[in-house]
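Remarks on the structure that follows.
The values are calculated or read from the model by the stated rules, or taken from the named source; none is laboratory data. In this text, all values refer to a predicted model and were calculated from it rather than measured experimentally. Please note: Cβ atoms are built from the backbone with ideal geometry, for glycine as well, and neighbour counts cover all protein chains shown.
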Amino acid sequence: MVIHSGIVKYLSIDGLGIVRLSTGNWVLLRNAFPGDEVEFTIPNSEQSLQEKTILGELIAVKNFHYPRRKSPCIHSTQCQGCPLIEMSYQDQWKEKILKLKFYLEKFQWASHWNISEEAMEWGKAENEFSYRNRGQVKVNGDLVGYVNIFQDPQKNFQKSSKIVPIEECLVLSEKSQQILKKFRSILPHPLSFPNPPEKFLWNFFDFDEGIDLAQMDESENFLKDHLNKRRPFSQGNQTQNQKMKEWLKQNLQDEPQKTEIVELFCGSGNFTEVMATMHLSRNNEPHFKIYALEVQGSAVQLLKLKNLHGVDVIEANLFQSNVWKQFSHQFQNVEILVLDPPRSGVKFQRAWPNIMPNLRKILYISCNLESFFKDLQEFRKFGFQLDLNTLRIIDLFPQTMHIEILAVLTKS
Ligand SMILES: C[S@@+](CC[C@H](N)C(=O)[O-])C[C@H]1O[C@@H](n2cnc3c(N)ncnc32)[C@H](O)[C@@H]1O
């Protein structure tokens with residue numbers, strides 16, 4: 001087998017090191033970080049080299065750019081859910097900032113961007129472990145764990161279906177750990193086996209801190225209610241979520257009374273609540289008029305139950321091309337758009353200038369660099385500019401390459 005060598009240039013969004021071959025292919029390697037001098041092989045090379053991006057197998061790091069620490073997690077090699085765990089937290093954070101800088105310069109939003117010390121400190125996570133208040137595990141009988149999609153290099157990105165059993169997950173918060181522990185204690189159960197086995201490879205269990213531990217005593221009912229059921233979205237790191245809410249507040253602080261705001265992908269109202277309770281008058285009159293849109297029925301119900309003054313909650317699938325037509329009269333006076341889309345980003349923005357002709361400010365909360373910059377290109381076409389002074393990056397998920405971006409766009 002041919003042994004290749006090279007220097008890792010970047011980290012992929014999944015936290016894999018990227019090396020460029022002289023043939024122009026990009027090879028992704030686990031446990032290889034930028035600046036490392038590495039040796040690697042390419043499984044099924046004849047076939048793999050037909051692909052632009054290949055999953056390689058690391059043989060050795062000849063020269064470490066970043067010092068490595070011993071992983072504190074016994075599962076990390078198998079699980080791969082925390083690909084940066086062998087880097088110090090300081091170095092992880094540095095790499096995330098460099099990633100944002102790379103994109104800003106690549107898409108010509110900045111010719112040479114340097115984050116301020118203050119912004120850098122602000123976005124850093126306070127806890128690099130025990131922060132995660134929600135998760136999803138896969139379940140088969142009494143086997144509980146995560147699925148590592150890179151488990152099988154021979155498959156080059158085809159999803160692996162093997163569950164990596166997890167005893168303890170260090171990034172989970174104390175309450176989440178308790179939920180998982182108790183969940184494991186009620187297994188195996190006839191319901192915890194995939195059914196029918198040939199169709200489903202496993203069940204999934206979505207959990208967050210809203211789950212009542214006492215409910216789990218009724219194991220049959222609990223499994224019926226919770227296996228393979230998605231819970232409404234909630235931000236995965238509460239400490240950092242607080243900071244995001246503060247950021248939103250600051251950027252709406254000076255907006256005049258009666259400003260109309262559309263909030264897309266509002267979930268169960270994490271950010272809606274912040275906006276609806278800003279600058280309340282003595283008799284609790286709302287300051288803003290808010291239209292909050294979301295597709296998931298259970299999240300919409302939760303938001304409606306909050307009964308927020310000045311908020312119209314609208315259930316809508318924002319990825320349907322004809323969805324915007326129905327708002328062409330309703331949104332004429334909207335001046336501000338707040339959006340926090342899923343990883344895929346936004347679609348059909350081209351409809352917005354007509355539907356919201358008075359739009360002058362966009363507050364974009366993004367969990368995916370690629371879709372964020374793709375969307376930014378669209379906003380640019382209808383006159384929006386990115387404000388680099390207020391741009392923030394925040395670390396919600398240490399040990400992973402996940403990056404959350406908070407951006408203000410204004411019309412010049
Ligand atoms: C990143 S979450 C943000 C939720 C909320 N802002 C929060 O902080 O909890 C993205 C939200 O987009 C919703 N979503 C996904 N696809 C959608 C679609 N096609 N139309 C409308 N909402 C959608 C999800 O249900 C989820 O609530």
Would you point out the residue of region 271-304, among those that are closer than 15 Å to ASP340 by Cα and in contact (Cβ under 8 Å) with a residue 60 or more places away in the chain, that is farthest from the ligand (Cβ to nearest atom)? MET275
From the option list LYS245, LYS249, single residue qualifying as basic (Lys, Arg) and away from the ligand (no atom under 12 Å from the Cβ) is LYS249
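From ALA299, ALA292, which residue is under 22 Å from the mean Cα position of the chain (by Cα) and closer than 20 Å to ARG360 by Cβ?
Details: ALA299 fails: closer than 20 Å to ARG360 by Cβ.
Exactly one residue qualifies, and that residue is ALA292.
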For SER268, are the conditions met, namely being touching a Gly at 6+ places or on another chain (Cβ under 8 Å) and either in contact (Cβ under 8 Å) with a residue 60 or more places away in the chain or within 14 Å of the ligand (Cβ to nearest atom) (or both)? no
Could you go through region 48-65 and let me know if any residue there is touching a Cys at 6+ places or on another chain (Cβ under 9 Å) and surrounded by fewer than 18 Cβ atoms within 10 Å (Cβ to Cβ). no
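Each row is one residue, and each column tells you yes or no for (1) outside any strand (DSSP E or B); (2) surrounded by 16 or more Cβ atoms within 10 Å (Cβ to Cβ); (3) in the same structural domain as VAL171 (by TED's automatic domain parsing); (4) not acidic (Asp, Glu).
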residue	(1), (2), (3), (4)
VAL2	yes, no, no, yes
GLY6	no, yes, no, yes
ILE13	yes, no, no, yes
ALA32	yes, yes, no, yes
GLY35	yes, no, no, yes
SER71	yes, no, no, yes
If you go through ASN307, ASN333, the only one that is more than 13 Å from the ligand (Cβ to nearest atom) and under 22 Å from MET356 (Cα atoms) is ASN333
Answer yes or no: is there a residue in region 378-401 that is surrounded by 16 or more Cβ atoms within 10 Å (Cβ to Cβ) and part of a helix (DSSP H, G or I). yes
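Would you check which residues across region 208-224 are under 15 Å from ILE179 (Cα atoms), away from the ligand (no atom under 16 Å from the Cβ) and not in a loop (DSSP other than H, G, I, E, B) and list them?
Step one: filter region 208-224 for residues under 15 Å from ILE179 (Cα atoms), giving 208-219, 222-223.
Within this subset, residues satisfying the condition of being away from the ligand (no atom under 16 Å from the Cβ) are 211-219, 222-223.
Selection gives LEU213, ALA214, GLN215, MET216, ASP217, SER219, PHE222, LEU223.
Out of everything in region 358-377 that is aliphatic (A, V, I, L, M) and under 18 Å from ASN251 (Cβ atoms), what residue ends up being surrounded by the most Cβ atoms within 10 Å (Cβ to Cβ)?
Filtering region 358-377 for residues aliphatic (A, V, I, L, M) gives 359, 362-363, 365, 369, 376.
Those still in the list that are under 18 Å from ASN251 (Cβ atoms) too: 359, 362-363, 365, 376.
Working: LEU359: 22, ILE362: 22, LEU363: 22, ILE365: 22, LEU376: 24.
Within region 358-377, the match that is surrounded by the most Cβ atoms within 10 Å (Cβ to Cβ) is LEU376.
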